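To keep things clear, I will list the structure first and then write my remarks on it.
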Amino acid sequence: MNLDFFKNETLNLKADIAILVARMICGYAFILHGWGKIQDPFHWMGPDSSVPSIFQFLAALSEFGGGIAWVIGLLTRLASFGIVCTMIVAAYFHSIILGDSFINLTGGRSYELAGVFFTISLVFLTVGAGRFSLDQKIFGSKSE
């Protein structure tokens, strides 16, 4: 099995520190976002939801498990792929289905947060977890 997918890109020290800080903060945010969902992963959207249980489970897993993966820097690209998919669905749901704006200046619903987290997860999917991660210890970087 080729494990190159899990290897990090080689970055300079400042970029690796920035990736570490972003992973810790955003990972913690996803742990909190996913905590309520992981309590009832197949039915967190309620009994009247039209979303199939398997997709509710995948969203709960990607948010809670992906948050943990980001914090410790383990299987970061796989976790980021799950979060990318979840954020695409969230943005679609809020923008197209609910008709929410990108930013709601009155504090109501919007898809701004989904867009921001999509962007961050796309960065982690592209460059990996950085040198301060378990991915680096286990898989190394692409330059090695």
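The values are calculated or read from the model by the stated rules, or taken from the named source; none is laboratory data. A quick note: this is a predicted structure, and the numbers were derived from the prediction, not measured. Positions of Cβ are generated from backbone atoms using ideal geometry, with glycine treated the same way; all protein chains shown enter the neighbour counts.
Let's see how each residue does on (1) under 19 Å from I31 (Cα atoms); (2) out of contact with any Leu (no Cβ under 8 Å at 6 or more places or on another chain); (3) exposed (fewer than 15 other Cβ atoms within 10 Å of the Cβ); (4) of a type in the set (D, E, K, R):
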site: V84; (1), (2), (3), (4): yes, no, no, no
site: H94; (1), (2), (3), (4): no, yes, no, no
site: F118; (1), (2), (3), (4): yes, yes, no, no
site: T126; (1), (2), (3), (4): no, yes, yes, no
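How many residues are assigned to a helix (DSSP H, G or I) and either out of contact with any helix residue (DSSP H, G or I) (no Cβ under 8 Å at 6 or more places or on another chain) or without any contact (Cβ under 8 Å) to a residue 12 or more places away in the chain (or both) if we restrict to the stretch 16-54?
First, the residues of the stretch 16-54 that are assigned to a helix (DSSP H, G or I): 16-39, 53-54.
Subsequent filtering for residues that are either out of contact with any helix residue (DSSP H, G or I) (no Cβ under 8 Å at 6 or more places or on another chain) or without any contact (Cβ under 8 Å) to a residue 12 or more places away in the chain (or both) retains 16-18, 20-21, 25, 36, 39, 53-54.
Residues in the stretch 16-54 being assigned to a helix (DSSP H, G or I) and either out of contact with any helix residue (DSSP H, G or I) (no Cβ under 8 Å at 6 or more places or on another chain) or without any contact (Cβ under 8 Å) to a residue 12 or more places away in the chain (or both): 10 in total.
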| Among (1) out of contact with any helix residue (DSSP H, G or I) (no Cβ under 6 Å at 6 or more places or on another chain); (2) surrounded by 15 or more Cβ atoms within 10 Å (Cβ to Cβ), which single condition is L75 missing? | (1)
| So S133, is it at pLDDT 90 or above, touching a Ser or Thr at 6+ places or on another chain (Cβ under 7 Å) and either crowded, with 18+ Cβ neighbours inside 10 Å or closer than 17 Å to L13 by Cβ (or both) | yes
| If you check D16, D40, D48, D4, which single one turns out to be buried (at least 16 other Cβ atoms within 10 Å of the Cβ) and of a type outside the set (G, A, S)? | D16
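Just checking, how many residues over the stretch 69-90 are under 30 Å from F132 (Cβ atoms), over 10 Å from the mean Cα position of the chain (by Cα) and assigned to a helix (DSSP H, G or I)?
Here is the first cut: in the stretch 69-90, the ones under 30 Å from F132 (Cβ atoms) are 69-88, 90.
With the extra rule that they be over 10 Å from the mean Cα position of the chain (by Cα), the set shrinks to 71-75, 88, 90.
When the remaining residues are screened for being assigned to a helix (DSSP H, G or I), the result is 71-72, 88, 90.
Residues that pass the stated criteria total 4.
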| task | Might you let me know whether the stretch 7-29 holds any residue that is of a type in the set (S, T, Y), out of contact with any Cys (no Cβ under 6 Å at 6 or more places or on another chain) and more than 20 Å from F132 (Cα to Cα)? | result | no
| message | Being closer than 18 Å to L122 by Cα and buried (at least 18 other Cβ atoms within 10 Å of the Cβ) is the filter here; which residues of the stretch 51-70 pass it? | response | A59, S62, E63, F64, G65, G66, G67, A69, W70
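Consider the stretch 5-14. How many of its residues are part of a helix (DSSP H, G or I) and touching a helix residue (DSSP H, G or I) at 6+ places or on another chain (Cβ under 8 Å)? Spell out the reasoning first.
Step one: filter the stretch 5-14 for residues part of a helix (DSSP H, G or I), giving 5-6, 13-14.
When the remaining residues are screened for being touching a helix residue (DSSP H, G or I) at 6+ places or on another chain (Cβ under 8 Å), the result is 5-6.
Residues flagged as part of a helix (DSSP H, G or I) and touching a helix residue (DSSP H, G or I) at 6+ places or on another chain (Cβ under 8 Å) within the stretch 5-14 amount to 2.
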| field | Members of the stretch 96-116 that are in a loop (DSSP other than H, G, I, E, B) and surrounded by fewer than 15 Cβ atoms within 10 Å (Cβ to Cβ) | value | L98, G99, F102, I103, N104, L105, T106, G107, G108, R109
